[in-house]
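Worksheet for the structure shown next.
The values are calculated or read from the model by the stated rules, or taken from the named source; none is laboratory data. Quick caveat, the model's predicted, so the values are computed rather than measured. Cβ placement follows ideal geometry from the backbone for every residue including glycine, while neighbour counts extend to all protein chains displayed. Side chains included, ligands, DNA and RNA excluded: accessible areas come from the protein's heavy atoms. Shrake-Rupley method; radii C 1.70, N 1.55, O 1.52, S 1.80 Å.
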Amino acid sequence: MNEQFLQSLLKKMTLDEKIAQLLQLATPFFKGSNHEGQITGPMEQMGIREEDIQNSGSVLGASGAEEIINIQKAHLNENRLGIPLLFMSDIVHGFKTIFPVPLAIGCSWDLGMAEKSAEIAAKEAAVSGVHVTFAPMVDLVRDPRWGRVMESTGEDPYLNSEYAKAFVRGFQGSDLTNDLDRVAACVKHFAAYGAPEGGRDYNTVDISERTLRESYLPAYKAALDEGCEMVMTAFNVVDGIPATGNKRLMRDLLRDEWNFDGVLISDWGAVKEMIPHGVAEDEKEAALKAINAGVDIEMMTACYVNHLKELVEENTIDESIIDEGVMRILELKQKLGLFENPFRGADEKREKELVFSELHRKAARELAVNSSVLLKNDGMLPLSKEQSVALIGPFAENGDVLGPWSWLGSREDAATLSSGISEKLLGAKLIVEKGCGIEAGTTELINGAVKAAESADVIVLALGEASEMSGEAGCRSNIQLPDIQLELIAKLKELNKPMAAVLFNGRPLDLHGVIDEANAVLEAWYPGSEGGHAVADILFGDENPSGKLTMSFPYSVGQVPVYYNAFNTGRPQGAPDAQERYVSQYLDIPNEPLFPFGYGLSYTTFSYSEAALSTDTLHPDASVTLTVNVQNTGELAGEEVVQLYIRDLSGEVVRPLKELKAFKKILLQPGESAEVKFTINEEMLKYYHSNLEFNSDPGKFIASVGPNSKELKECTFELLK
Ligand code: BGC
């Protein structure tokens, strides 16, 4: 089958049939679905006709081989030309075996494991009948008030791009057509959804074209360079125009400049949302703007099916613009082999064997270990297996450790911290008390927990945010732990016992009330199905933590946005000629975040030698090698993420104080040292100039290397051009 087949199919399609291909509906609309007919709320008002459903092109949110096979069979019975449906779902960090949330995966700095997590998610999804996943989400994030930061890998364009590629490789593999255990990926949300003003979801994004290109766009581009099949639009405006109707963004940049020829889908309802945004008077105008901007599939609103025909008939648009979108959808169906085998990987027998298998859970445990970040440890951790432990807090026995977008993941199947710890203790006592709820509680309950903890050798606190407190529409202006949990910590502190806090949450938090009170703090994020086991592995020293933050932890919300790759001001703090008052600073809090990008502790220690360069001049066609000696100076084997940053001291426009350019994750035995080498070339020094030209400037640069973005060994070199 080939292009000709698709062309002749297109010729046979009526205009109505073509337009319906561009419609994506959720499962309740479809015969054979487990939710058939459950059409309530806004879905009722969509004005969808029976024939729109029969002719529609894709389904949102179905899962399970049985359901998908049933829907596809029913559809093929009724679709005049026998065009199969595409099944798309949000398989973001696992299907049923849930991996840590993407922000946590980011902190692993482990691209291989990130790829593997996507491969496993794809396998479970594909065998359950899914064809496309709405992932990876690669929006760059700098504001922890925004609930969706947990879906991103963080604040750095280079690292986000590396993860974007790894996820796409994992989902799609290298032969999507023949490898039925893979799904097509859809990178989202194009573009700059991660920069809403005030950290409030769906809010205005207003950034310069240069910042857009330099910081926000690279990860989407990286996903596409890796062959990502689809792109999803964003809810936000970009330069005053909603992304979903933004011709410059979609036609000029995505299609013409980047040559993307895959399917572009709107986010949920985003076409119609152009009306409240105030750029479309009605559904008809919204449809016109979206189709002109190049949106192929409209998700969950009916502007296309209700108005495109009229727009063609009155000659406002040419039918060819519709043909273009339909062809791209048919091409994806062909690439996935759906015309030959409309059920693709769906297989109920294999589904039972593969989904949530032992092997997959093992990988989830490994990644959860690698994703956890040890923020503080005064020597209290690791714990001895012979000490009695009081495990206190709302997450002690709570399965809400999967995080948002946990598809078929079930809280009942998730390993809780209490089960993880009880497996470790060698006969020593484990006391488990909730102490309080996540946001509510009573003094009596807290006092009860304090009393229970009195007899234990050590206290482990299990604290955090309910998963509903982050994710889509899960924004907070206060990013501390809820008051009741802070009260619990304060009361337990009075016992004067060693106390370690484990945090389950989806965003960088303001850790006042925790960080000074606890002797150790482990950021476990939402660690997924195997979270409780993985955290216990770390707490008892069966695993050595190696995660490093990929998003800064602010000192307090007043600093937000605070990120490592910021510009200097003309009046920086601490400069030799700085005045006392008139410098860029807060009067009440430091400028520095509480924990910077790249930060994370280990149970061992590493020492860095001075950094050395092979030469201090770089020519465009040559390279410079930076060498640093890293030694494990502690008593345990451990992994270290060695990070390379570069600063351009004098650019045509202001350049960031440092930018991550490369990293290496190395394993060192106690006493062992390694020479870590980085190659620096001109390509790494290029940036967008004021005329948007991507180039480098001759002059001086600082190359620095270290364990995080703050504690760095510097050396300088010059680019000669
Ligand atoms: C989200 C997307 C998601 C889509 C489909 C939207 O509300 O913004 O990330 O892919 O729903 O579920």
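Every residue, every condition in (1) within 16 Å of the ligand (Cβ to nearest atom); (2) touching a Gly at 6+ places or on another chain (Cβ under 7 Å); (3) of a type in the set (Gly, Ala, Ser); (4) farther than 30 Å from residue 206 by Cα, yes or no:
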| site | (1), (2), (3), (4) |
| --- | --- |
| 112 | no, no, yes, yes |
| 127 | no, yes, no, yes |
| 132 | yes, no, no, yes |
| 136 | yes, no, no, no |
| 143 | no, yes, no, no |
| 153 | yes, yes, no, no |
| 158 | no, no, no, no |
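None of 305, 295, 279 is within 16 Å of the ligand (Cβ to nearest atom), among the β-branched types (Val, Ile, Thr) and in contact with a strand residue (DSSP E or B) (Cβ under 8 Å, 6 or more places away or on another chain) except 295. Going through (1) of a type outside the set (Lys, Arg); (2) farther than 23 Å from residue 525 by Cβ; (3) in a helix (DSSP H, G or I) one by one, residue 379 falls short only on (3). Considering (1) assigned to a loop (DSSP other than H, G, I, E, B); (2) open to solvent by 20 Å² or more (accessible area, probe 1.4 Å), the lone condition that residue 221 does not fulfil carries the number (1).
Here residue 164 passes the criteria (1) farther than 27 Å from residue 595 by Cβ; (2) within 12 Å of the chain's Cα centre (by Cα) except the one numbered (1).
When residues in the range 297-345 are screened for being within 20 Å of residue 229 (Cα to Cα) and part of a loop (DSSP other than H, G, I, E, B), 10 of them pass.
Among the strands (runs of 3 or more DSSP E) confined to the range 557-661, the ones with at least 3 residues that are closer than 30 Å to residue 209 by Cα and touching a residue at least 40 places away in the same chain (Cβ under 8 Å) are located at 638-648. Please determine whether any residue of the range 167-175 is in a loop (DSSP other than H, G, I, E, B), within 16 Å of the ligand (Cβ to nearest atom) and buried (at least 21 other Cβ atoms within 10 Å of the Cβ). No, that holds for no residue. From the list 184, 164, the one residue that fits, being aliphatic (A, V, I, L, M) and within 14 Å of the ligand (Cβ to nearest atom), is 184. Looking at the range 257-265, is at least one residue more than 16 Å from the ligand (Cβ to nearest atom), farther than 25 Å from residue 207 by Cβ and aromatic (Phe, Trp, Tyr)? No. Of the residues making up the range 229-244, just one is touching a residue at least 60 places away in the same chain (Cβ under 8 Å) and away from the ligand (no atom under 14 Å from the Cβ), namely 229. Quick one: which of 409, 379 is among the small types (Gly, Ala, Ser) and under 25 Å from residue 516 (Cα atoms)? Every option except 379 fails the conditions. Answer yes or no: is there a residue in the range 181-202 that is surrounded by fewer than 24 Cβ atoms within 10 Å (Cβ to Cβ) and not in a loop (DSSP other than H, G, I, E, B). Looking through the range 181-202, at least one residue is surrounded by fewer than 24 Cβ atoms within 10 Å (Cβ to Cβ) and not in a loop (DSSP other than H, G, I, E, B). State which residue is farthest from residue 660 (Cα to Cα) when the search covers only the range 674-698 and only residues that are open to solvent by less than 20 Å² (accessible area, probe 1.4 Å) and assigned to a strand (DSSP E or B). Among those that are open to solvent by less than 20 Å² (accessible area, probe 1.4 Å) and assigned to a strand (DSSP E or B), it is 676. Screening the range 553-569 for residues that are in contact with a helix residue (DSSP H, G or I) (Cβ under 9 Å, 6 or more places away or on another chain) and over 18 Å from residue 481 (Cβ atoms) and picking the one that is surrounded by the fewest Cβ atoms within 10 Å (Cβ to Cβ) gives 561. Can you run down the residue pairs with Cβ atoms below 7 Å, 6 or more apart or on separate chains, where the first is in the range 108-120 and over 14 Å from residue 664 (Cα atoms) and touching a residue at least 24 places away in the same chain (Cβ under 8 Å) and the partner is of a type outside the set (A, V, I, L, M) and open to solvent by 40 Å² or more (accessible area, probe 1.4 Å)? Between residues of the range 108-120 that are over 14 Å from residue 664 (Cα atoms) and touching a residue at least 24 places away in the same chain (Cβ under 8 Å) and residues that are of a type outside the set (A, V, I, L, M) and open to solvent by 40 Å² or more (accessible area, probe 1.4 Å), the close pairs are 113/366; 115/169. Scanning the range 602-621 for residues that are over 21 Å from residue 696 (Cα atoms) and either under 33 Å from the mean Cα position of the chain (by Cα) or aliphatic (A, V, I, L, M) (or both) turns up 602, 603, 604, 605, 606, 607, 608, 611, 612. Within the span defined as the range 279-289, one or more residues are part of a loop (DSSP other than H, G, I, E, B), over 26 Å from residue 331 (Cβ atoms), among the small types (Gly, Ala, Ser) and modelled with pLDDT of 95 or more.
Selection of the range 166-185 for residues being out of contact with any helix residue (DSSP H, G or I) (no Cβ under 7 Å at 6 or more places or on another chain) and under 10 Å from residue 119 (Cα atoms) yields 172, 173. For the condition under 24 Å from residue 369 (Cβ atoms), open to solvent by less than 10 Å² (accessible area, probe 1.4 Å) and within 16 Å of the ligand (Cβ to nearest atom), residue 149 qualifies.
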